[in-house]
Amino acid sequence: MKNNIKIGLCSAVVALATATTAHAFSSQDAIRYSYNGAAFVTAATDTDGDGLISTTIVIGGFNLNVISTQTYPFIGTQAAPNLDLQIQGKGTVKGETLVIEFSAMDFTPVPAGSYITDLGLSDDPTVSASETTRVGKGAPNGDVLFASGADAVSATTIGGASTGGFESSLSAGFSGQVAPYAITTSVGINVTDNAVNNGGAVSVRDHIRVVPDGGNTLMLLGSALSVLGIGAFRKSRKA
């Protein structure tokens, strides 16, 4: 009996190790930035493939001490895209701009619903932020990190001079899109005046997800509930 227990435990450990390895996606997501319109610089890459990145960017008058991202396998899956970018810190020099991009690739298949972007800002009056979501058209050039130009489709830019909450959507399965594909969120931060009293605080949260087609989802849910109801009815009849 003891030997059986040991064998069972060993099998469980092996299975867990195999599952962990199978869900490693090394270098499938990364963060980069462009300061005052210069060429992009890679800030961090998800080398361990856990879907999490944390880094800092200190350049010019920008001191962003919290930049964190989440994607699959930590949240969402390749079939259900889910990306989250959070930025906190300060921007203190008038006229400076910073573009931060978070990208993940190898999403598949093309979802039936819509890509939805939510942007939340609580910056000081001298700092504004905007966001544009880009979805790659598919391999080879649309399934690379930060795919852009003719290889991607961009949603409407949201945010800007005002602060608060914003939302934008982009239909799934747009013309020319195939799987696998990449998704990139691009956040632009602009400093409109020198920070004296307010500190130039920057606080931005950007979230991208896919919302399934409402009608089909409700039909599927209704069918599932019907099946469950029939099963419960049959069990009660047998009892």
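Residue 150 to residue 192: extension gain in nm, 0.36 nm per residue of separation minus the Cα-Cα distance?
Working: separation 42, 0.36 × 42 = 15.12 nm, distance 3.16 nm.
My answer for the length gained is 12.0 nm.
You can think of it this way: the chain between residue 94 and residue 39 has 17.8 nm of extra reach, that is 0.36 nm per residue less the Cα-Cα gap.
Working out 0.36 nm times the residue gap between residue 56 and residue 106, then minus their Cα-Cα distance, what length gain in nm do you get to one decimal? Display every interim value, and only then the final one.
On the way: separation 50, 0.36 × 50 = 18.00 nm, distance 2.57 nm.
Going from the current span to full extension adds 15.4 nm.
Note that the stretch 46-55 has calculated 3J(HN,Hα) couplings of 7, 6, 8, x, 8, x, 10, 9, 9, 7 Hz, one per residue in order, obtained from phi through the Karplus relation 6.51 cos²θ - 1.76 cosθ + 1.60 (θ = phi - 60°); glycine and proline are x.
From most to least packed by mean Cβ count within 10 Å, the peptides 79-86, 169-176 give 79-86, 169-176.
Just so you know, all these numbers are worked out from the coordinates, no wet-lab data involved. Keep in mind that this is a model prediction, so the values were computed, not measured. Here Cβ is always computed from backbone atoms with ideal geometry, including for glycine, and neighbour counts include all displayed protein chains.
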